[in-house]
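So the structure is just underneath, and the comments pick up after that.
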There are 2 protein chains.
Amino acid sequence: MTALTTALAAPQVLERCRALVRPALEETVGRLHPWVGEMAGYAFGWCEAGGVPAAGSGGKGVRQALAVLGAEAAGAPGRAGVPAAVAVELVHTFSLLHDDIMDGDAARRGRPTVWKAYGTGPAVLAGDALFALAVETLAASPKGPEALRLLSAALGDLVRGQADDLLLAARPWTGPHRVRPGEYRATAEHKTGALLGCAAALGALLGGAPPAVVAALDRAGRHLGIAFQVVDDVLAIWGDPAVTGKPVLGDLRERKKTLPVLAALDGPSPAAGRLATLLESDADPAHVVTLIEEAGGRTAALAEARRHLAAVETALAGVPLEPAPEGELRSLLDFLVRRDL
Amino acid sequence: MTALTTALAAPQVLERCRALVRPALEETVGRLHPWVGEMAGYAFGWCEAGGVPAAGSGGKGVRQALAVLGAEAAGAPGRAGVPAAVAVELVHTFSLLHDDIMDGDAARRGRPTVWKAYGTGPAVLAGDALFALAVETLAASPKGPEALRLLSAALGDLVRGQADDLLLAARPWTGPHRVRPGEYRATAEHKTGALLGCAAALGALLGGAPPAVVAALDRAGRHLGIAFQVVDDVLAIWGDPAVTGKPVLGDLRERKKTLPVLAALDGPSPAAGRLATLLESDADPAHVVTLIEEAGGRTAALAEARRHLAAVETALAGVPLEPAPEGELRSLLDFLVRRDL
């Protein structure tokens, strides 16, 4: 598959899945208390604060697409995966709402976060409402118990990942209590991979897939999540801020424990020692970037992302999947991760 | 049953159920991320901030007792209701954690609330973790799908009740937008009744009760919740602060929309008009109390509580229940509500 067809295919796949899921998602959110429903609509990008309809589309909708493609890969029509898609989008939005409170983030996708626009208390409540709605959605589905086991495992991982993320921020760069690359990997799997894996696995489950296929798609989504997080962290340092939409070297200024830095510190290069000294002073982030690269942090991070992409391929290759949706899954992989490797 | 045996029985019932549920609840909470688990342990009253074990017992454990008695009333051993008991205690503690953030409450049961002790962000996370654990607990139970339908209905009601509670606080006492007694009733059913009903119904479900019994116990718990809330609001005005543990006339000072006031304003007495004028000025709460009583607010509230207790009796009488646990359910009713009527 050439880069050109890939680049065209993935946005169309995302758009097709968004269009398929949107009516059910709107109907589900419409069952909420009106005030809470407005906050949810704001979080999804459907309206402005106050309820005026908005043109913005919200996020890319990767999770709903994985759920729809999971069902199709199992040989079912995409609509079989819609309850899974609705549930994972509700859970994803719940986790964004609450994480923005915990991280004190004031803006998301160019707008004030929900807690900034509506207040902390109401934002906590809106997140809880979306969470409850996700459970209700799956409890009503024909594969309820197994679906809810998958969802609650992902929810447990999300909480674990967010707890570790908050704790890693307070840990030192060096010394016996320093953060190791393996801890970054576990946190990325829990925070990002678990829900991507759950999305694809839930879709496959509702599409009637056998357990081996459900497990393979879960595994694939988890590795995709780690690869995506690593690439995101690499782009936050070396990417074009006009494309990433993130402040220049923001992660380094906030002293986030991302893989390029951790891998550089963990490596054998003499630059690692100088990097450690620099990080413990209040050094200029631009100098830090040079040393991360010199100590092999960028190379190591990209190699790690490639290893997880290969693990995605292995997981997908090990089970029988319908070729057309499998191709679309691969085009999403290319779009989300590979084009930046 | 005399008042004396009633007063003795209920604390013993609560203690028996707490002892039956505690090992499973501790085992379940022990599966959490250690930091999140410490916050949960603090919320349950098992430890102090920092993790040192505490002697305090936390709450009365009404919800876990209803779940155990629900199973026993269906003819099963109490242990059949333990997963239900664990789930409802987790959900109850989750809702206290998040409600304390929303309401800005700094103290609960004589200690700082979780957000005061650990920070708002961590308290949001700990609540989410307990919520996820409740779903996981029921997803693993043999009656998973039906159990999760009951739980997610209660969760939806909890969110709806909390949203209405936050909105009612901002509404006026008089005029076309004033709060009506019926809105109070709906809010009390959602905030308090739904989870009490869910507790008893879930216990019965796991105890193998037929749908009519499950529905009757749900209904009984919802009416119990309203009666309990009304009595609590009456005691907050006319009760002994040494017994209630609440600040003198705190609800009136905070201008809470409780039934005694709403019923007084809604009544035909000439005192209602004077009460309205007083409430719209910054009047002394002690004067307000006299007018609420004169306008019939206390009498109307107690009559409302008695109506809901009668509805509990009707619900219990309409289905076959094992006599011993039914007697214990009634002793809980007396202990929680009737002794104050």
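The values are calculated or read from the model by the stated rules, or taken from the named source; none is laboratory data. What you see is a predicted model; the values in this text were computed from it and never measured. Methodologically, a virtual Cβ is constructed for each residue, glycine included, from the backbone with ideal geometry; neighbour enumeration extends over all protein chains shown.
Give the residues of the stretch B:30-46 that are crowded, with 20+ Cβ neighbours inside 10 Å and either part of a loop (DSSP other than H, G, I, E, B) or away from chain A (no Cβ under 14 Å) (or both), sorted by residue number. Those that are crowded, with 20+ Cβ neighbours inside 10 Å and either part of a loop (DSSP other than H, G, I, E, B) or away from chain A (no Cβ under 14 Å) (or both): B:L32, B:H33, B:G41, B:Y42, B:A43, B:F44, B:W46. Checking the condition more than 9 Å from chain B (Cβ to nearest Cβ) and free of Cβ contacts under 8 Å to residues at least 24 places away in the same chain, which residue from A:A76, A:A107 passes? Exactly one residue qualifies, and that residue is A:A107. One residue alone among A:L309, A:L262, A:L235, A:L329 is in contact with a Leu (Cβ under 6 Å, 6 or more places away or on another chain), part of a helix (DSSP H, G or I), at pLDDT 90 or above and not small (G, A, S), and that residue is A:L329. Before we move on, is B:A49 in contact (Cβ under 8 Å) with a residue 60 or more places away in the chain, closer than 21 Å to A:Q162 by Cβ, surrounded by fewer than 18 Cβ atoms within 10 Å (Cβ to Cβ) and away from every other protein chain (no Cβ under 14 Å)? Here the answer is yes, as B:A49 does meet what is asked.
Residues of the stretch B:259-299 that are buried (at least 20 other Cβ atoms within 10 Å of the Cβ), closer than 20 Å to B:E183 by Cβ and without any contact (Cβ under 8 Å) to a residue 60 or more places away in the chain: B:P260, B:A264, B:A272, B:L275, B:I292, B:A295, B:G297. Residues in the stretch A:157-193 that are assigned to a helix (DSSP H, G or I), free of Cβ contacts under 8 Å to residues at least 12 places away in the same chain and within 13 Å of another protein chain (Cβ to nearest Cβ) were compared, and the one that is farthest from A:A71 (Cα to Cα) is A:L167. In this structure, does B:A315 turn out to be assigned to a helix (DSSP H, G or I), touching a residue at least 24 places away in the same chain (Cβ under 8 Å) and touching a Pro at 6+ places or on another chain (Cβ under 6 Å)? Spelling it out, it is not the case that B:A315 is assigned to a helix (DSSP H, G or I), touching a residue at least 24 places away in the same chain (Cβ under 8 Å) and touching a Pro at 6+ places or on another chain (Cβ under 6 Å). Checked against (1) modelled with pLDDT under 90; (2) more than 28 Å from B:A212 (Cα to Cα), B:L291 passes all but a single condition, namely (1).
Report yes if A:A71 is in contact (Cβ under 8 Å) with a residue 60 or more places away in the chain, away from chain B (no Cβ under 14 Å) and of a type in the set (A, V, I, L, M), otherwise no. Yes; evaluated as a whole, the condition is true for this residue.
Condition check ((1) modelled with pLDDT under 95; (2) closer than 20 Å to A:G127 by Cβ; (3) crowded, with 24+ Cβ neighbours inside 10 Å) across all residues:
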{"site": "A:C17", "(1), (2), (3)": "no, no, yes"}
{"site": "A:E26", "(1), (2), (3)": "no, yes, no"}
{"site": "A:P53", "(1), (2), (3)": "yes, no, no"}
{"site": "A:V68", "(1), (2), (3)": "no, no, yes"}
{"site": "A:E72", "(1), (2), (3)": "no, no, yes"}
{"site": "A:P83", "(1), (2), (3)": "no, no, yes"}
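Return yes or no: is A:T113 within 14 Å of another protein chain (Cβ to nearest Cβ), over 19 Å from the mean Cα position of the chain (by Cα) and polar (S, T, N, Q)? Spelling it out, it is not the case that A:T113 is within 14 Å of another protein chain (Cβ to nearest Cβ), over 19 Å from the mean Cα position of the chain (by Cα) and polar (S, T, N, Q).
Residues in the stretch B:86-142 that are assigned to a helix (DSSP H, G or I) and among the charged types (D, E, K, R) were compared, and the one that is surrounded by the fewest Cβ atoms within 10 Å (Cβ to Cβ) is B:D103. In the condition set (1) out of contact with any Ser or Thr (no Cβ under 6 Å at 6 or more places or on another chain); (2) more than 7 Å from every other protein chain (Cβ to nearest Cβ); (3) assigned to a helix (DSSP H, G or I), B:P145 is compliant with all but (2). Just to be sure before I move on: is A:A134 more than 7 Å from chain B (Cβ to nearest Cβ) and either aromatic (F, W, Y) or farther than 22 Å from A:A43 by Cβ (or both) in the structure I sent? No: the conditions fail for A:A134.
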